[in-house]
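Worksheet: one structure, shown below.
The values are calculated or read from the model by the stated rules, or taken from the named source; none is laboratory data. Only a predicted model underlies this, so the values are computations on that prediction, with no experimental measurement involved. Every residue, glycine among them, receives a Cβ derived from its backbone with ideal geometry; neighbour counts consider all protein chains shown. These accessible areas exclude ligands, DNA and RNA; they are computed on the full protein's heavy atoms, side chains included. Shrake-Rupley method; radii C 1.70, N 1.55, O 1.52, S 1.80 Å.
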Amino acid sequence: VVAAGGLTLTSIKRSVDNNSRSASYVPATNLRVIVNHKPDGTVTGSRTLADLRYLTLGSSNTYGVGLTNRYSAYPFLLSPNPTKVSNIAVKQADVAPPKVLYPSVSCIKQSINELYGPDEEFDVIVLEHDIIDFHGLYNLAQIMRTRYPDAIIILLCVWAPAHFDWYVNNERRGTFYDWANSHNVAFYDFMSTAKFHNKLDIRWPDQKQLINLHKRIENEFNTQLLFYLHDDFDRRKDPKECILQYTYYFQKDHLHLTQFGHRGVVQSIQKIVNDVAHHQSNILLQQPRVGTWLDDNKGEYDTTSCPSLNEFMQIEGGEDSI
């Protein structure tokens, strides 16, 4: 784990077998995916989900913040073989935007080159962000699609109760997270009937900008959208009811996912991969193409420096509980 420019980046070396990975959840990786390699629909082969190579990029949930064992986070549950997963994440626990969601592309490029070589291939790439902060997502999606033209790219948008808007006298004062801090109310205390304030006005946040951004990225770069939990939430419900209904998905801060929440992400990602493989040709090739790296000098999320991976330490489960 290395701090650089205020960030903490983590990566896992594929060549290392880490016995600390002890998550009890085993994904259904024996599911066979039919792959149409030709535009005419001719099936030339098949692969299992366990064969696929993953690259996950994101912030605190992708890092595994708050989990007793970080190998319980969704990136490490995507495959039973840890050498198939490359996780490059920014540890960032601050709920308030703007925040840095990703390492710079120069950092990503250096990380991949030093760990795996310049011609590394990926089948599935996950770009995690949340519902109120998606800074740099468009740039990163463009760069990843240019570099990996055959990969399935999934936009993983993680929604959390902490993102509800807080209003006083019909004026927005901040988020539900801000209200709890200003009133010194822990989230788990809030769940009790005594602290479930009837006069508290919390509302669904405006998602128009995010929805438009997702549509633009999907249209331009052929990406898949995973709006985790959002589809399960009923916007017609009072937000308080939704918080009660989905409490077990979130940790005490009502921001980061629990092990149960991470397992749901894995199942949703695998469903998308399977659906795409069955409906698109030239997907999940044995040898996908590797393109060029776009210049990220104009990136919205660039960092001031990128440490050598010689300074990186292997991820150890459970050292970063909060």
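With R₀ fixed at 30 Å, the C-beta to C-beta distance from Asp119 to Gln267 puts the FRET efficiency at about 0.45. Backbone geometry of the range 120-137 corresponds, through the Karplus equation with coefficients 6.51, -1.76 and 1.60 at θ = phi - 60°, to 3J(HN,Hα) couplings of 4, 10, 9, 8, 10, 10, 10, 10, 8, 7, 10, 6, 10, 9, 9, 4, x, 5 Hz, x marking Gly and Pro. A cut-off of 5 Å between modelled amide H atoms, ignoring neighbours fewer than 5 places along the same chain, links Leu225 with Leu155. In sequence order, the range 53-64 has phi-based couplings of 9, 10, 10, 10, 10, x, 10, 5, 5, 5, 5, x Hz under the Karplus curve 6.51 cos²θ - 1.76 cosθ + 1.60, θ = phi - 60°, and Gly or Pro positions carry x.
Converting phi to 3J(HN,Hα) with the Karplus coefficients 6.51, -1.76 and 1.60 and the offset θ = phi - 60°, the range 265-275 yields 4, 4, 4, 5, 5, 5, 5, 4, 4, 5, 5 Hz in sequence order, with x at every glycine or proline. Kindly flag which residue pairs out of Lys215/Lys252; Lys109/Lys208; Lys208/Lys271; Lys208/Lys237 have an alpha-carbon separation exceeding 23 Å in this structure. Distance filter (> 23 Å) returns Lys215/Lys252; Lys109/Lys208; Lys208/Lys271. Remark: the Ile211-Arg47 segment gains 55.8 nm on full extension, using 0.36 nm per residue and subtracting the alpha carbon distance. Of the whole protein surface, Leu155 contributes about 0 Å² of accessible area at a 1.4 Å probe radius.
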